[in-house]
Ligand code: 15L
């Protein structure tokens, strides 16, 4: 028996969206996929609805009838303020308004990011209550999303898990990812746990596998029962053989957010 009737994935044509399209199938009777374009043919149990986060009326229709949302849509890297504002500020307000006005009030998983805390040094361990230290407009927009989720929970009871995703790739690709890596399998299992718990409330969760070199402590959300299975350490030897070690003073070796800490202010 799937635990959800209808799961909406926003940003379903992106890298993580395509992974979730496959891995989250067992969670819902129907999966509704949305993006601006590029979703191909609907498979069994799938509905495809094209739309944009800046179209509030279209979003209201896209959200209606869903009991779960994995919100991956929006801008996924640093960009100009205009781009960030449209996709990650106005876009997420439109999404929460659509949820508030829906009859089904879906639980939301918000793809937040490690760039909310990117300016912490790599030798500092953080927990979910550590103050934010965003490393660019992108990180600031994710902090905004987390704050918006908090307000919609306190005012309207809409439940959200803001997952501060580290680096969700098939395998770790560099030294920093030995700490930040989140395997696709662990991400899918985290999503399943978030939808499974009877009461979620509004939580911040670090999205990282059980990396021996990890920086983040999720003990405040142990009630989720999520136990990541993978550990980036298994790839250390491969990285040591194939990736040049960065200068210890380079942002990628100094800060948790890596190269994002060195990004300029982009202009349109
Ligand atoms: C993110 O938030 C980005 O969306 C992703 O592309 C990676 O850069 C990741 O963070 C990371 O920090 O590795």
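The values are calculated or read from the model by the stated rules, or taken from the named source; none is laboratory data. Quick caveat: nothing in here was measured; it's all calculated off a predicted structure. Note that we place each Cβ from the backbone using ideal geometry, even for glycine, and neighbour counts take in every protein chain shown.
Just a few scattered comments:
- Boolean, residue 169 is surrounded by fewer than 20 Cβ atoms within 10 Å (Cβ to Cβ), within 12 Å of the ligand (Cβ to nearest atom) and at pLDDT 95 or above: yes
- Number of the condition not met by residue 177 [criteria: (1) away from the ligand (no atom under 14 Å from the Cβ); (2) farther than 28 Å from residue 107 by Cα; (3) in contact with a strand residue (DSSP E or B) (Cβ under 7 Å, 6 or more places away or on another chain)]: (1)
- Residue in segment 69-80 that is buried (at least 18 other Cβ atoms within 10 Å of the Cβ), away from the ligand (no atom under 16 Å from the Cβ) and under 19 Å from the mean Cα position of the chain (by Cα) present: yes
- Counting only helices (runs of 4 or more DSSP H) that fall entirely inside segment 10-126 and contain at least 2 residues that are farther than 21 Å from residue 190 by Cα, the qualifying elements are 56-63, 81-84, 91-101.
- Scanning segment 239-258 for residues that are away from the ligand (no atom under 16 Å from the Cβ) and in contact (Cβ under 8 Å) with a residue 60 or more places away in the chain returns a single hit, 245.
- Reported count of residues in segment 127-143, each being touching a helix residue (DSSP H, G or I) at 6+ places or on another chain (Cβ under 6 Å) and assigned to a helix (DSSP H, G or I), is 6.
- Criterion applied to 45, 40, 15 was being closer than 16 Å to residue 76 by Cβ and either surrounded by fewer than 17 Cβ atoms within 10 Å (Cβ to Cβ) or modelled with pLDDT of 95 or more (or both), and the one residue passing it is 15.
- Number of the exception - residue 156 against (1) buried (at least 17 other Cβ atoms within 10 Å of the Cβ); (2) touching a helix residue (DSSP H, G or I) at 6+ places or on another chain (Cβ under 6 Å); (3) closer than 18 Å to residue 110 by Cα: (1)
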